[in-house]
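Student: For reference, the structure I am asking about is given below.
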Amino acid sequence: MTATLTQSTGTEHSRVMGVGAMRPERVVTNEEVCTWIDSSDTWIRERSGIVTRRFARPEETVVDMAEPACRDALAMAGIAASQVDAVIVSTVTWYLQTPSAAAVLAERIGATPAAAFDLSAACAGFCHGVGLASDMVRSGSARHVLVVGVEKLSDFTDLRDRGTAFLFGDGAGAVVVGPSNHPGIGPTMWGSDGAQADVITQTTSWTSMRSEDGRTISGDWPALGMAGQTVFRWAVWQMAPVAQKAMDAAGIRAEDLAAFVPHQANVRIIDAMVKQLGLPDDIPVARDIEHMGNTSAASVPLAMERMLREGTAPHGGLALLIGFGAGLVYAAQVIELP
Amino acid sequence: MATEQEILSGLAEIVNEETGLPADAVEMDKSFTDDLDIDSLSMMTIVVNAEEKFGIRIPDEDVKNLTTVRDAVSYIAQAQG
């Protein structure tokens with residue numbers, strides 16, 4: 001006779017219990033950017049909406065930035081680090097192939113022996129993490145999950161590239177996802193289109209920089225390259241319907257939303273997406289990009305944290321989140337704000 | 001199928017909606033960038049709206065060849081033909 005195995009069972013519902021953010025100290029103005037590229041404050045603002053961005057210190061890593069964001073998220077959630085069962089870090093700027101940033105971070109915050117792994121979904125990584133964490137809580141593989149979006153894009157930007165040098169910044173955002181007595185995270189609408197892999201990509205692969213004897217590397221430091229116009233078209237006209245699907249799947253209408261928190265890629269994308277979605281004018285829209293630039297995986301939790309802190313979005317209100325980026329990949333869901 | 005004049009006036013409406021420029025400023029020999037001060041992202045919005053209005057498809061790689069209003073009008077006329 002074959003033994004019957006046991007499968008885990010979780011809670012019926014999940015929610016985001018707390019959010020935390022870390023903004024590096026150094027503020028980089030458009031004037032400073034214009035010392036690297038031939039541009040102007042006006043040009044940068046008109047093309048992107050960015051006024052400042054933050055750069056981490058040279059020695060500061062994504063784990064260093066993630067740590068205070070996690071502590072704040074845990075404090076808001078009222079959860080001790082020892083109660084965390086899993087740590088998911090979304091980043092493309094942890095410069096070790098292995099071990100993961102998540103394993104190092106879990107130890108740093110005192111969450112050992114929590115499961116810990118990194119997630120590679122670029123600017124959509126945080127929303128992938130929230131969807132995954134929600135499913136983990138509901139299936140019983142974890143009770144509390146830390147989801148972190150963190151990037152140090154200043155190390156991954158070609159400061160001579162007029163098309164991207166002004167765009168990117170550094171920062172970290174984290175949330176705790178845990179059990180709930182009511183539905184707090186709607187279904188995640190996600191997907192990919194690898195046919196457009198070259199639209200946003202690392203300019204050079206590490207192995208192509210390897211010397212013939214395999215012992216050293218040489219050549220130009222890799223950076224993030226992007227076909228801006230193509231990304232703009234995809235983001236506005238393909239992603240607005242994905243955001244709509246996330247609302248439909250959650251059974252939420254636009255007028256039920258207390259906030260729209262899209263990935264902070266470019267204010268022009270945000271404005272055009274709001275128009276495509278036909279969101280009512282009185283729904284607050286995250287525009288943290290003005291202060292932080294595009295921080296990839298960190299942008300959604302950073303923007304969420306600012307809206308809650310500044311009171312532009314209410315605790316307990318419904319927020320539509322969407323991340324989209326290199327892959328191309330995307331993920332969206334409606335959540336109840338912590 | 002629309003005449004070149006109909007395409008021009010349709011395109012002018014789209015440019016007006018995106019940029020606020022008066023429709024009669026959108027003349028055949030005007031350059032989108034140099035004369036009408038339309039940047040690459042606004043140009044993409046105009047392209048997508050033109051696709052919808054004229055029932056055509058303008059791939060991203062062709063957008064960079066649309067320097068003047070005449071280029072766009074000819075492209076649309078050809079794509080419709």
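Student: Identify the residue in the stretch A:44-73 that is of a type outside the set (S, T, Y), within 30 Å of B:M43 (Cβ to Cβ) and touching a Ser or Thr at 6+ places or on another chain (Cβ under 9 Å) and, among all such residues, is surrounded by the most Cβ atoms within 10 Å (Cβ to Cβ).
Tutor: Quick first cut of the stretch A:44-73, residues of a type outside the set (S, T, Y) only: A:44-47, A:49-51, A:53-60, A:62-73.
Those left that are additionally within 30 Å of B:M43 (Cβ to Cβ): A:44-47, A:49-51, A:53.
Adding the requirement that they be touching a Ser or Thr at 6+ places or on another chain (Cβ under 9 Å) leaves A:47, A:51, A:53.
Values: A:R47: 20, A:V51: 16, A:R53: 30.
Among those that are of a type outside the set (S, T, Y), within 30 Å of B:M43 (Cβ to Cβ) and touching a Ser or Thr at 6+ places or on another chain (Cβ under 9 Å), it is A:R53.
Student: Here is a further query. Quick test for you: out of A:A331, A:A259, pick the one residue that is in contact with a Phe, Trp or Tyr (Cβ under 6 Å, 6 or more places away or on another chain) and farther than 19 Å from A:L224 by Cβ. Write out each step before concluding.
Tutor: On the way: A:A259 fails: in contact with a Phe, Trp or Tyr (Cβ under 6 Å, 6 or more places away or on another chain).
Going through A:A331, A:A259 in turn, the sole match is A:A331.
This table checks each residue for (1) crowded, with 18+ Cβ neighbours inside 10 Å; (2) in contact (Cβ under 8 Å) with a residue 24 or more places away in the chain.
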position: B:A2; (1), (2): no, yes
position: B:P22; (1), (2): no, no
position: B:V26; (1), (2): yes, yes
position: B:I38; (1), (2): yes, no
position: B:M43; (1), (2): yes, no
position: B:P59; (1), (2): no, no
position: B:Q80; (1), (2): no, yes
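Student: Also, I was wondering about something else. Restrict the check to the stretch A:126-143 and report whether at least one residue is surrounded by fewer than 23 Cβ atoms within 10 Å (Cβ to Cβ), at positive phi, in a loop (DSSP other than H, G, I, E, B) and among the small types (G, A, S).
Tutor: Yes: one or more hits.
Student: Filter the stretch A:39-78 down to the residues that are part of a helix (DSSP H, G or I) and touching a Pro at 6+ places or on another chain (Cβ under 9 Å), then identify the one that is farthest from the other protein chains (Cβ to nearest Cβ). Give the derivation first.
Tutor: Initially, the stretch A:39-78 is screened for residues part of a helix (DSSP H, G or I), giving A:41-48, A:62-77.
With the extra rule that they be touching a Pro at 6+ places or on another chain (Cβ under 9 Å), the set shrinks to A:65, A:69, A:73, A:76-77.
Numbers: A:M65: 30, A:A69: 31, A:A73: 34, A:M76: 37, A:A77: 39 Å.
Top of the filtered list is A:A77.
Read-outs: derived from the displayed coordinates by stated rules, not from any lab. This is a predicted model, so every value here is computed, not measured. Because the Cβ atoms are built from the backbone with ideal geometry, glycine has one as well, and the counts that use them run over all protein chains shown.
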